[in-house]
Amino acid sequence: MANYPRYALYYAPAPGSALDRFGAKMLGYDVYGGSDLPFPDGVPPDWREITQDPRKYGFHATLKAPMALAEGKSEADLLGACEAFADMPRPIPVIEPIIDSISGFIAMIPGKPSTELQQLAADVTRDFDSFRAPLTPIDRARRNPERLTPRQVEYLDRWGYPYVMEEFRFHMTLTGRLEAERREVVVPMLRERFASVRLVTLAIDRLALFRQDDAASRFRIIAHWPLRAL
């Protein structure tokens, strides 16, 4: 079994922002406060079930996947490294966010590729890997390596997660995996609700440290930082 607590480095919208409130309400979970929220009116009757999986993680985009800390590393060490990373000037990625399906899930994704975003994700993957405890055999098996491409298996063994570097795809998940027929109904509904956020562009300008206390716990933000622009 995985060691706990586990930590993850994610992008999360600024607390209280329109995008933060949109994601929190759609998932029924405030990842900053750690509290349940009522779903908006008019969602499908099984919305709690549909959002069960992403609710555990909160509204986020993965930059460094959940990890137990390596031997000799502490939460204080990780916090200090996050602060230093955020304080390093860098190009701030800007995306045009849309709602669409990705691998059977529905998520907020970029409307077109961003070189700066791919670079940010690669930097987080590399710079924080010294904090990651090696995958246990059980954790590795959970990634279903037999279903991955050879390159993804290579990344799983090197970085503890298969979807890094050129395999990285920025996404902020809003549902679990749905059949195609169901996605045809849910995608337009989420697009209509997302339109009320009025986001034409979105700067990926924040880093958040999430913590999961044990296997039964949801992830929660314990600290967050704005990224310094060049």
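The values are calculated or read from the model by the stated rules, or taken from the named source; none is laboratory data. Here the structure is a predicted model, which is why all the values come from computation and not from measurement. Cβ atoms come from the backbone with ideal geometry, glycine included; neighbour counts cover every protein chain shown.
Some values worked out for this structure:
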| item | result |
| --- | --- |
| Test result for Leu207, out of contact with any Gly (no Cβ under 9 Å at 6 or more places or on another chain), touching a residue at least 40 places away in the same chain (Cβ under 8 Å) and surrounded by fewer than 20 Cβ atoms within 10 Å (Cβ to Cβ) | no |
| Close pairs from the stretch 26-41: first under 18 Å from Ala14 (Cα atoms) and without any contact (Cβ under 8 Å) to a residue 40 or more places away in the chain, partner in a loop (DSSP other than H, G, I, E, B) and of a type in the set (A, V, I, L, M, F, W, C), Cβ under 6 Å, at least 6 apart | Gly28/Leu37; Gly28/Phe39; Asp30/Leu37 |
| Tally of residues being among the hydroxyl-bearing types (Ser, Thr, Tyr) and within 15 Å of the chain's Cα centre (by Cα) across the stretch 18-46 | 2 |
| Among the residues listed as Asp123, Asp139, the single one being farther than 20 Å from Tyr4 by Cβ, touching a residue at least 12 places away in the same chain (Cβ under 8 Å) and charged (D, E, K, R) | Asp123 |
| Residues within the stretch 105-132 that are over 16 Å from the mean Cα position of the chain (by Cα) and of a type in the set (Gly, Ala, Ser), tallied | 3 |
| Leu209 modelled with pLDDT of 95 or more, within 26 Å of Tyr29 (Cβ to Cβ) and touching a His at 6+ places or on another chain (Cβ under 9 Å) | yes |
| Unmet criterion (only one of (1) assigned to a helix (DSSP H, G or I); (2) within 21 Å of the chain's Cα centre (by Cα); (3) in contact (Cβ under 8 Å) with a residue 12 or more places away in the chain; (4) surrounded by fewer than 17 Cβ atoms within 10 Å (Cβ to Cβ)) for Arg183 | (4) |
| Single residue of the stretch 157-180 satisfying the filter (of a type in the set (A, V, I, L, M) and surrounded by fewer than 20 Cβ atoms within 10 Å (Cβ to Cβ)) that is farthest from Thr51 (Cα to Cα) | Met165 |
| Lone unmet requirement of (1) surrounded by fewer than 13 Cβ atoms within 10 Å (Cβ to Cβ); (2) modelled with pLDDT under 95 for Arg143 | (1) |
| Residue check, Leu178 of a type outside the set (Gly, Ala, Ser), part of a loop (DSSP other than H, G, I, E, B), in contact with a Gly (Cβ under 7 Å, 6 or more places away or on another chain) and modelled with pLDDT of 95 or more | yes |
| Test: Gln52 is out of contact with any strand residue (DSSP E or B) (no Cβ under 9 Å at 6 or more places or on another chain) and in contact (Cβ under 8 Å) with a residue 24 or more places away in the chain | yes |
| Unmet criterion (only one of (1) assigned to a helix (DSSP H, G or I); (2) crowded, with 18+ Cβ neighbours inside 10 Å) for Leu9 | (1) |
